[in-house]
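J.: There's a structure below that I have some questions on.
The values are calculated or read from the model by the stated rules, or taken from the named source; none is laboratory data. Note that this is a predicted model, so its numbers are computed, not measured. Don't worry about glycine lacking a Cβ; one is built from the backbone with ideal geometry, like all the others, and counts go over all protein chains shown.
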Amino acid sequence: MESKILKSLGIDPAYIFLFLIMLIILMFLLYINVNMKYNRLKSSYNVFMRGQDGKTLEESFSARFDELDELSNIAHENKADIRILYRALRSSYQKVGIVKYDAFGEMGGKLSFALTMLDNDNNGWILNSMHSRDGCYTYIKEIVRGESYIELSEEEAESLDQAVYQEMYDPDVQDAIKPQ
């Protein structure tokens, strides 16, 4: 049996037959692939649904969403608490410098000291305690933005520098800020 249409187009029916066989084989392979994916999906679904019906699954989802809402609320509360703590921390004394010295040279043992305590903005005070045989004298000087309006002794200035430039004096701070 000959086809006039195929003959007029110049196509051999054997080529069409081979093309159709290859197409059937390709379709069969795709069918096997889709069937394997379906079976994997079905087994996953069965594992997921094991022991549950639609109602218990809905309750399970609802419980998980409630937990997520609760965690979100806790995260917002934590964020607000951290902001409050950060504001409070900025005004607390964070930087400390201390220099021990002999105030009058006669005592020995370096019983006198200058103690500086500053907040994050370098505001605070210097406490200078000078010890002698006659007694102990204590002075306090206010520090605003790292500077004093009253002249500082050498020890007080060194104590202030230690507090302001704490990173340079404290090896633990230097280790913490070095890139790993």
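J.: May I ask you to say which residue of D66, D81, D102 is surrounded by 10 or more Cβ atoms within 10 Å (Cβ to Cβ), assigned by TED's automatic domain parsing to the domain that holds V164 and of a type in the set (D, E, K, R)?
T.: None of the other options fit; the residue is D102.
J.: Something else about it: Could you please find all residues in region 118-157 being assigned to a strand (DSSP E or B), over 37 Å from the mean Cα position of the chain (by Cα) and not small (G, A, S)?
T.: L127, N128, M130, H131, C136, Y137, T138, Y139, I140, K141
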